[in-house]
Structures are given as C-alpha cells and as structure tokens.
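What follows is a set of notes on a single structure, which appears directly below.
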Amino acid sequence: VTLAGICGCSRQEKDPPKPPVIDNPQAKTQDPPKPPAPFTNGIGMKFVWIPPGTFMMGSPKEEKGRNADEIQHKVTLTKGFYLGIHLVAQEQWQAVMGNNPSQPKDEKNLPVNNFSWDDCHEFIKKLRDKDKKLYRLPTESEWEYSCRAGTTTPFHFGETISTDQANYDGEKVYGNGKKGVDRQKTTPVGSFPANAWGLHDMHGNVWQWCQDWLGDYPQNDVIDPQGPNEGQYRVL
C-alpha cells in the first residue's frame, strides 16, 4: 500500500465571504476570492487546494460491485485543505526516510509502496520537521470527496473505466467497459489523466492510506467526520 496525497493544513479557509449588500443597482460587485494557489514543498511534492463543500459519500444500492457497508449519506466538509497532486514517489520517500521499501524500483517517479500505516506516520512526522508544515493523512471523507471532485458516478471518469485512464488489471471489466492491458507493475506517478481538481492516480496504481479507523458509516448527515475513535484496521 502507499501513502495518500498528504494534506497540508497550515492554511485553512473559513466559510466563503457573502456577497456585499449594494444599494446602488448600477454598482459593480467585487470579484469572488480566488482559491489559494498550488504549491510545491522542499522535496518536490506538489499540492492543490481542495475547497470545502458537501457531497454524497458511499454508493447507491444499484451500483455494480458495491459493498453492503457503502451506505450513502450526506457529508459536509467545512474547511478546505491542501492535498498532494501525485502519489508520494520513491525518490521523495528516500529523501525523507533514507530507505526505499518499494517493489519495483527500477524506474523514475514510481510510487512508494510496501509500508505500513505506522511507517506512513513516521514519514509524515519527519516531513513536518523537515518542511515546517502541518502535514497529515486525509480522512476517509476528505479522500472520497477529493477523488469524486464533484462527480456522482462510480469513477470520477464516469460510469466505467479503461486502462488508458488508470493502472489496473485490464482483464477485469467494469460495467460496459472493455478489456485492456494488465501491466502487472506500478506506473510512474502522473502517467494518467487527473480528475477535475487536478489529482492523479485516485483510481488504480496503488492502495492509499487514510487517517480513519475502519468502521460503519453513519446513518444520517454528518459534518467533518473523523471516523471511529478506535478500531482494528485503518481505512484504505
């Protein structure tokens, strides 16, 4: 498994400002505030701003391949956050940790893999010390919200997926999709199209860790969920 794009939460926005009240109908309103700009940290990791918002987490009962625990519920995220545009590359892990547990490791910009959730947090701790920013893993709801990027379909690409869009076993077909290649290895980060918010490899290539303990979804609407307080497994 590999590290999800890390959230850098050193800068968080409050609710967006309301438009000004204008008595003069001829007067011009101010332009809406621009979202914070993307940034690159000291070891070349690129981050993009994810705005606050509301979405339906989980999947509808008729969706092919869903698990019974994917109960749809409304989630509101009240704060924006930065998220890594790419999976953490092996070179970036090496620069922080001084080792590379990954297989394979014979190509530039391959994603790091073969490490535990605890290893991931050691990486984050060292990255915080090195870069002086408040890095953390995304919560499960933040990850799904970011992956969907405003879409409601099974994939952010649409109703199905192809091996031109992501790295997975192309012998396995979803919905009305077509068979594709089975590369049987990871591919360099950013090799496939990004979603609408500029995030790559949100489908395929490697598993991604989230902050939460694994637990049942709530039955009602929630705001800024953090997952269970304890558990046996972490969310992938």
Inset, instruction - Of the listed values [x] 36; [y] 40; [z] 26, grab the one calculated as percent of Cα pairs over 28 Å apart from the structure here. - result: [x]
Inset, instruction - Measure out, as a whole number of angstrom, how far apart the alpha-carbon centroids of the range 182-205 and the range 69-101 sit. - result: 14
Legend entry - Accessible surface, the chain, averaged per residue in Å² (probe 1.4 Å): 58
Inset, instruction - Obtain the nm distance between the two label points defined at Q30 and K132 by a simple spin-label model: each point lies 7 Å from its Cα along the Cα-to-C-beta direction. - result: 3.0
Legend entry - Charge sum, other residues only, whose C-beta stays under 12 Å from I43's C-beta, Lys/Arg counted +1 and Asp/Glu -1: +2
Legend entry - Nearby lysines by direct alpha-carbon distance to K179 (threshold 24 angstrom, same-chain neighbours under 8 apart not counted): K64
Inset, instruction - Can you tell me the order of 61-73, 167-179, 138-150 when each peptide is scored by its average per-residue count of other Cβ atoms within 10 angstrom, highest first? - result: 138-150, 167-179, 61-73
Inset, instruction - Give the cross-link partners of K126 among the aspartates and glutamates, using a straight C-alpha distance below 14 Å as the criterion and excluding same-chain residues fewer than 8 apart. - result: D118
Inset, instruction - For Y217, enumerate residues with amide H under 5 Å from its amide H, sequence gap 5+ or separate chain, H modeled in the peptide plane. - result: I71
Legend entry - Of all DSSP beta bridges in the chain, antiparallel share, percent nearest 5: 85
Legend entry - Options Q184, L134, I161, ranked by Cα towards positive dipole end of the chain, top entry (Cβ charges): L134
Inset, instruction - Measure off 7 Å from each Cα along the Cα-to-Cβ vector at D221 and K125, then give the distance between these two points in nanometres to one decimal. - result: 4.0
Legend entry - R183 accessible area, 1.4 Å probe, all protein chains in place, Å² to nearest 10: 80
Legend entry - Length-normalised contact order of the chain in % [C-alpha pairs under 8 Å, at least 6 apart]: 25
Inset, instruction - Show H86, H203 ordered by accessible area, largest first, where the area counts protein heavy atoms only and the probe is 1.4 Å. - result: H86, H203
Inset, instruction - Collect residues whose amide H, placed 1.01 Å from N in the peptide plane, falls under 5 Å from the amide H of D212; neighbours closer than 5 in sequence don't count. - result: E140, V235
Legend entry - Theoretical gain in end-to-end length, K79 to E159 [0.36 nm per residue, Cα-Cα removed]: 25.9 nm
Inset, instruction - Ignoring everything but the protein chains, give the 1.4 Å probe accessible area of F192 in square angstrom, nearest 10. - result: 20
Inset, instruction - Working with all protein chains in place, sort L134, L127 by solvent-accessible area computed with a 1.4 Å probe, largest first. - result: L134, L127
Inset, instruction - Any chance you could check the Cα centroid distance between the range 126-142 and the range 209-236 for me, in angstrom? - result: 18
Inset, instruction - Rounded to the nearest 0.05, what FRET efficiency do E63 and D118 give with R0 = 30 Å and r taken as the Cβ-Cβ distance? Could you check? - result: 0.35
Inset, instruction - Name the residues whose placed amide hydrogens come within less than 5 Å of the amide hydrogen of V88, ignoring near sequence neighbours (fewer than 5 apart) on the same chain. - result: L3, V112
Inset, instruction - Order T152, T187, T76, most accessible first, counting only protein heavy atoms with a 1.4 angstrom probe. - result: T152, T76, T187
Legend entry - Candidate aspartates and glutamates - alpha carbon under 17 Å from K108, same-chain residues fewer than 8 apart omitted: E91, D201
Legend entry - Phi to ³J(HN,Hα) by Karplus 6.51 cos²θ - 1.76 cosθ + 1.60 over the range 44-50, Hz, x for Gly, Pro: x, 7, 9, 10, 10, 7, 9
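The values are calculated or read from the model by the stated rules, or taken from the named source; none is laboratory data. This one's a predicted model, so the numbers in the text were calculated from it and none came from an experiment. A quick note on method: Cβ atoms are made from the backbone with ideal geometry, for glycine too, and the neighbour counts reach across all protein chains shown. Heavy atoms of the whole protein, side chains included, go into the accessibility calculation; ligands, DNA and RNA do not. Shrake-Rupley method; radii C 1.70, N 1.55, O 1.52, S 1.80 Å.
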